[in-house]
Amino acid sequence: MEDREILIEFKENNGKDKAFSALVSKYQQRIYWHIRKMIIDHDDTDDVLQEVFVKVYKNLDGFREASQLYTWMYRIATNEALTFLNKRRKRLSLGLDEINNELENHLTSGVYISGDEVQMKLQKALLILPDKQRLVFNMKYFDDMKYDEISEITGTSVGALKASYHLAVKKIEQYLTRN
Amino acid sequence: MSNEENHIDPLDNPEMKKNIFEVPDGYFEQFEANLEARLDTQGEEIELSKHLKEPVFEVPEGYFDQLQDKIKAKLAEESSLLSKEEKLKIPPFEAPEGYFEGFEGKLQEKLAKNHEQDTAKVVPMYQKNWFRLAVAAVLVMGFFILSPTDPPFPPTGELSEETMLAYLSESDFDLDLIASLDGFDTVIDQILEEETLDYDFDLGLNPELEYELEYLER
């Protein structure tokens, strides 16, 4: 089902559930992996994913189609993931290093994680980046997204994104070479 | 004889057609030689100008033939591990088996539960305007109360910028701090954001808190 059809059907009262169901089936995996790469732990990702779709359900009526549907959903998912990390940091009074240690613990716990040494090393390297830089790196490196798309999702200029990605690559390469 | 017959047109006078210009002695005899000399000089100038434009720098032999390969090698070196290792592009995460198949059902349950809560929900306290105003009032009061040694505040009314600056410079306020703030709204929004994050979290753990707030609202 095309996004446009989903939107039209969602706005008709009797088609709401069917349209939403189509939307969830279509996007659940993409949004899940986007969040998972930020939050790392599956259970936390699941909570945030549900919250994202609840927000989508509540706000889809007012979606003005100024951007593409999936860009809009990515934006919600991005905000929710960053908010989750901030909340956790504040709740546990953790600094950036400590929350990263916690994320690293999830990484090394091995629960729903399978990767060889090199892949795990890259994931650990990613944890040295600030959240937003990690987010940009994930979208560019793993998802091969265009800077324009990332710009629309994050509300950051293309120039700033390029600089951020370039810096992230440098930091990661340094980490990988040192370790 | 009539006057007309007597008239002679001056232009008909052969003297008028006589060339009054002269050339230097031997001009035409030397013209060809002069022309050749001039052409030679111009040719030399053109040659010189061409020569000056020639680059004085040289590249090693075969440099440009090897350049493309060199650039490719450099690119490969620059991109290092991140692009060499194809498997790095694959995140090592997995989802539990059947997770995506069961996700929608779980989501529907959550939506139904949210709907039930929404119907009985009151507007959270932090969304009320009076709450924002109260925070603003506390901030403004705190701003002055915490500066007991400040000189008396000038009478209210029209205050010039100079008066305000003079007053602030006599006070113990951190002017850099004040300058760095966009306004009180920034402070209020920051406090609200921090408070509501905690509030949201507490509410998540203790849904009954919402009923207590409802009670306080009356």
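Roughly speaking, what is the stretch gain from A:LYS146 to A:GLU5, that is 0.36 nm per residue apart minus the C-alpha to C-alpha distance, in nm to one decimal?
Value of the extension gain: 48.2 nm.
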**Q.** R0 of 35 Å, Cβ-Cβ distance B:ARG38-B:LYS17: FRET efficiency to nearest 0.05
**A.** 0.60
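When Cβ neighbours within 10 Å are restricted to other protein chains, what is their mean count per residue of peptide A:104-115? Walk me through the intermediate numbers first.
Numbers: counts 0, 0, 0, 2, 0, 0, 1, 2, 7, 4, 4, 7.
Neighbouring Cβ atoms belonging to other protein chains average 2 per residue here.
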Q | Once exposed loop GluC sites (Glu not before Pro) are cut out (DSSP; at most 10 other Cβ, 10 Å), longest piece of chain A | A | A:66-179
Q. For segment A:1-43, what D do you get in µm² per second when you plug the Kirkwood radius from alpha-carbon pairs into Stokes-Einstein at 4 °C and 1.567 mPa s?
A. 114
Q: Within 10 Å, count the other beta carbons around each residue, average over each peptide in B:45-51, A:72-78, B:21-27, A:34-40, and list them highest first.
A: A:34-40, A:72-78, B:45-51, B:21-27
Q.
Rounded, prolate or oblate, given the Cα gyration tensor of chain A, with a/c below 1.5 counting as rounded?
A. prolate
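Greater than 26 Å separation of Cα atoms is the criterion. Which listed pairs, A:LYS121/B:LYS70; B:LYS87/B:LYS110; A:LYS26/B:LYS84; A:LYS146/A:LYS170; A:LYS132/B:LYS89, meet it?
Violating the 26 Å Cα-Cα cut-off are A:LYS121/B:LYS70; B:LYS87/B:LYS110; A:LYS26/B:LYS84.
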Q. Which value, in debye to the nearest 20, gives the size of the charge dipole of segment A:131-179 about its Cα centre, when Lys and Arg are +1 and Asp and Glu are -1 at the Cβ?
A. 320
Q: Can you pull out the buried accessible area for chains B and A, both sides counted, probe 1.4 Å, rounded to the nearest 100 Å²?
A: 3600
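The values are calculated or read from the model by the stated rules, or taken from the named source; none is laboratory data. The shown structure was predicted, so the numbers you read here are calculated from the model rather than taken from an experiment. As a convention, Cβ positions derive from the backbone with ideal geometry for all residues, glycine included, and neighbour counts pool all protein chains shown. For accessibility, only protein heavy atoms count, side chains too; no ligands or nucleic acids. Shrake-Rupley method; radii C 1.70, N 1.55, O 1.52, S 1.80 Å.
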